[in-house]
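Nothing in this text is a laboratory measurement; each read-out follows from the coordinates by a stated rule. Because the structure is a prediction, the values reported are computed rather than measured. With ideal geometry, Cβ positions are generated from the backbone for all residues, glycine too; neighbour counts draw on all protein chains shown.
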């Protein structure tokens, strides 16, 4: 069985500050990793994903995440956040060859001006 | 193009009643998923369809829950004898094939009184 742990339920930061949202997973098989974002009053949207290849993946809006197999982590980072990044962020894992996503509990990112 | 749509957006029912929740996937997507998101939690997998057949229903909590996709497009999640613990947001997602990115709908918020 797989599981995902998001270590912080809430992360408040000031605008233009860096942020890291932590995600650890457990799995006995090889995995795919995802970060989804849910903006207020909107549905879940894929932010970025790791399937294979380079362990550093980036999104179009400046977020990046690095797959660390030895630490079973997939932390999400952004060097400078904006008010518009206020949202809930969910880390998810699926085993290679499987279909269902296993989600963490989510991290609420709040940006203060 | 149109995304995944779900109806109704909100549903209030009484304990013991029967409810149906509908999902319209993105046109051409062969894979369809149902998840349930309880307050303060990440989404939890319920069932996955590949075409018309349920390829994985391991997440359905009990036999009160049932889902169909008779023509390989629209899907209906059916809940019999609803209980207060069934209150949650029910999310539907679709993907082009079973290993492609899952695109989520806005969800149906179910409240059982």
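How large are Rg and Dmax for the range A:1-42 when only the alpha carbon atoms are used, in Å?
13.5, 39
Report Rg(Cα)/(2.2 N^0.38 Å) for the range A:3-112, keeping two decimals. Don't skip to the answer; put the middle values down first.
Working: Rg = 13.2 Å, N = 110, 2.2 N^0.38 = 13.1 Å.
Output field value: 1.01.
Where Rh is the Kirkwood radius over the Cα pairs of the protein assembly as shown, the temperature 37 °C and the viscosity 0.692 mPa s, what D in µm²/s does Stokes-Einstein return? Intermediate values should be presented prior to the final figure.
Numbers: Rh = 18.1 Å.
For the chosen part, D equals 181 µm²/s.
So how far, in whole Å, is the C-alpha centre of the range A:7-74 from the one of the range B:16-44?
Result: 23 Å between the Cα centres.
Please give, to one decimal in nm, the separation of the simple spin-label points placed at residue A:55 and residue A:84, each 7 Å out from Cα toward the Cβ.
Distance between the two pseudo-spin positions: 3.2 nm.
Once both labels are modelled 7 Å past Cα along the beta-carbon direction, what's the residue B:15-residue A:66 spacing in nm?
So the two model labels end up 5.2 nm from each other.
Roughly speaking, what is the stretch gain from residue A:20 to residue A:42, that is 0.36 nm per residue apart minus the C-alpha to C-alpha distance, in nm to one decimal? Display every interim value, and only then the final one.
Numbers: separation 22, 0.36 × 22 = 7.92 nm, distance 2.25 nm.
Length gained, residue A:20 through residue A:42: 5.7 nm.
Given R₀ = 22 Å, what would the calculated FRET efficiency be for residue B:41 paired with residue B:63, taking r from the Cβ atoms and rounding to 0.05? Working shown, then result.
Working: r = 23 Å, r/R0 = 1.04.
Computed FRET efficiency for residue B:41 and residue B:63: 0.45.
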